[in-house]
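**Q** There's a structure below that I have some questions on.
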């Protein structure tokens with residue numbers, strides 16, 4: 001179970017680094033602490049909200065470049081990192 005929590009925190013951080021805070025979800029670093037219900041249900045809910053946010057990206061948001069934690073972030077980079085993280089750390 002702790003593995004899912006670590007995945008969730010990292011993946012959420014990547015998206016928020018490029019897109020900013022995602023409405024309806026806690027800030028990165030608090031996503032597991034402020035969960036609602038059991039962890040697996042919460043993982044599913046968070047991912048659904050994130051997917052909806054990704055699908056709603058505007059053309060401007062897709063092209064936006066953000067400096068965060070001394071790194072340059074774009075929506076593309078955040079999505080790539082999220083997928084790479086799952087591939088590398090997945091079961």
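**Q** Here is a check on your reading of the model: is residue 62 in contact with a helix residue (DSSP H, G or I) (Cβ under 9 Å, 6 or more places away or on another chain), closer than 18 Å to residue 80 by Cα and free of Cβ contacts under 8 Å to residues at least 24 places away in the same chain?
**A** Judged against the criteria, residue 62 is a match.
**Q** So how many residues does the range 57-91 have that are under 16 Å from the mean Cα position of the chain (by Cα) and over 23 Å from residue 7 (Cα atoms)?
**A** Adding up the residues that qualify gives 2.
**Q** Can you go through 8, 19, 57, 25 and tell me which one is at pLDDT 95 or above and touching a helix residue (DSSP H, G or I) at 6+ places or on another chain (Cβ under 7 Å)?
**A** Going through 8, 19, 57, 25 in turn, just one is at pLDDT 95 or above and touching a helix residue (DSSP H, G or I) at 6+ places or on another chain (Cβ under 7 Å): 57.
**Q** So, restricting to helices (runs of 4 or more DSSP H) that lie completely within the chain, which ones have at least 2 residues that are surrounded by fewer than 16 Cβ atoms within 10 Å (Cβ to Cβ) and in contact with a strand residue (DSSP E or B) (Cβ under 6 Å, 6 or more places away or on another chain)?
**A** Hits in the chain: none.
The values are calculated or read from the model by the stated rules, or taken from the named source; none is laboratory data. Since the model is a prediction, treat every value here as computed from it, not as a measurement. Don't worry about glycine lacking a Cβ; one is built from the backbone with ideal geometry, like all the others, and counts go over all protein chains shown.
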